[in-house]
Amino acid sequence: MVKDLLAIDGHWTAELLTRFLRVELERTGLRDFVVGLSGGIDSAVSTALAARAVGPDRVHAYLLPYRQSSAASIDDALEVAENLALKTERVDISPMIDGFEEASGDVGRHRLGNVMARARMTILFDRSLKRNALVLGTSNKTELLLGYGTLHGDLASALNPIGDLYKTQVLALAEFLELPESVRKKPPSADLWPDQTDEDDLGFSYERIDRLLIAMIDQRHDDEVLIAAGFERSMIDDVRQRIVRTQFKRMPPVIGKVSLRTIGWDFRYPRAWKS
């Protein structure tokens with residue numbers, strides 16, 4: 001039953017999400033999208049959907065490598081751009097990171113990875129103002145639920161077409177969209193340092209995590225049912241703790257209430273309020 005729930009209709013999903021992008025972009029009064037194209041599957045799928053929604057001329061793809069970034073990732077990003085008939089701009093973030101390190105000293109690779117993610121998003125939001133555009137999100141539902149991303153870095157965006165798709169569903173949609181096999185088949189990686197992979201970081205395969213998440217979150221099964229379905233107690237506890245600990249990453253900051261109508265408390269409207 002879990003496996004069936006993870007299955008998607010590629011045509012229907014692509015149609016739904018391209019319409020979502022087109023309608024929400026028009027609602028803002030802006031014209032284009034900007035996106036960071038990493039060479040990974042998530043940014044490739046988001047970009048392909050945007051190109052379908054508004055046409056490739058209105059999607060501006062940016063390659064934002066650090067000096068230690070994988071050359072293969074850059075090649076993959078360029079192949080995706082060629083596949084979608086997109087123009088690209090390359091901005092080397094190394095000088096920005098060098099400036100940070102000069103001011104802060106050695107902060108370790110984890111913190112430096114967060115700084116890189118935020119440096120990339122600084123460039124994307126700057127280019128969005130230049131191009132009268134929205135920044136396109138590239139975080140999938142698995143990453144969002146586990147908090148596997150950098151707040152105000154790769155988790156930031158103005159519009160996210162794949163945030164309700166688990167990683168395995170993003171892969172399935174990539175196949176429907178006929179994205180390059182080199183991008184679809186390689187191990188998912190944030191490319192934070194050489195040979196880093198997401199599944200090594202998480203300790204589980206995406207296929208197994210997604211099966212647990214859809215049972216835990218979408219089907220709301222309790223632990224007894226999850227264990228009966230074959231998930232170990234240690235995995236259930238680990239995943240649940242990740243979801244709980246990272247809830248702050250999925251929500252706007254909580255505002256201390258002092259007035260009659262406070263944003264997030266009594267003033268809660270969808271983005272379409274009075275538009």
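The values are calculated or read from the model by the stated rules, or taken from the named source; none is laboratory data. Keep in mind that this is a model prediction, so the values were computed, not measured. Cβ: placed from backbone, ideal geometry, glycine included. Neighbour counts: every protein chain shown. Just so you know, the surface numbers come from the protein's heavy atoms only, side chains and all, with ligands and any DNA or RNA stripped out. Shrake-Rupley method; radii C 1.70, N 1.55, O 1.52, S 1.80 Å.
Three semi-axes describe the equivalent ellipsoid of segment 169-234; taken as square roots of 5 times the Cα gyration tensor eigenvalues and ordered largest first, they are 27, 17, 8 Å.
Taking a point 7 Å out from the Cα of Ser94 in the direction of its Cβ, the residues of segment 121-152 whose backbone N falls within less than 20 Å of it are 121-124. Convex hull volume per residue, computed on the Cα atoms of segment 28-146, equals 119 Å³. Entry comment: accessible area of segment 30-87 is 37 Å² per residue, from protein heavy atoms only and a probe of 1.4 Å. Local charge for Lys141 was computed over the other residues whose Cβ lies under 10 Å away, with Lys and Arg +1 and Asp and Glu -1, and equals -3. Split the accessible area of the chain by element, probe 1.4 Å, and carbon with sulfur accounts for 53%. Look at where the Cα atoms of segment 141-204 and of segment 217-275 average out, and the two centres are 20 Å apart.
Projecting label points 7 angstrom from Cα along Cα→Cβ for Leu5 and Glu224 puts them 1.8 nm apart.
Electrostatic tally near Lys249: other residues with Cβ closer than 13 Å to its Cβ, Lys and Arg +1, Asp and Glu -1, net +1.
Expressed as a whole percent, how much of the Cα-Cα distance distribution for the chain exceeds 25 Å? I get 49 percent for the Cα pairs in the chain exceeding 25 Å.
Magnitude of the charge dipole for segment 147-275, about its Cα centre and with charges confined to Cβ atoms of Lys, Arg (+1) and Asp, Glu (-1), is about 940 debye.
DSSP assigns beta bridges within segment 1-154; of those with both partners inside it, close to 0 percent run antiparallel. Sequentially through segment 213-218, phi angles give Karplus couplings (6.51, -1.76, 1.60; θ = phi - 60°) of 4, 5, 6, 7, 8, 6 Hz, Gly and Pro residues having no value and appearing as x.
Contour minus end-to-end for Arg27 and Asp237, with contour as 0.36 nm per residue of separation and end-to-end as the Cα-Cα distance? Result for the pair: 71.5 nm of gain on full extension. Think of each Lys and Arg Cβ as +1 and each Asp and Glu Cβ as -1; about the Cα centre, that makes the dipole of the chain roughly 1340 debye. Average projection, convex hull of the Cα set of segment 61-215: 9.5 square nanometres. Estimated from the Cβ-Cβ distance and a Förster radius of 22 angstrom, the FRET efficiency linking His110 and Leu151 is about 0.95. Which value does Rg/Rh take for segment 207-256 over its C-alpha atoms, Rh per Kirkwood? Using Cα coordinates only, the ratio equals 1.08.
Here segment 153-275 is described by how far its Cα atoms reach on the three principal axes: 51, 40, 30 Å, from widest to narrowest. Label-to-label distance for Trp265 and Asp164 is 3.0 nm, based on points extended 7 Å past Cα in the beta-carbon direction.
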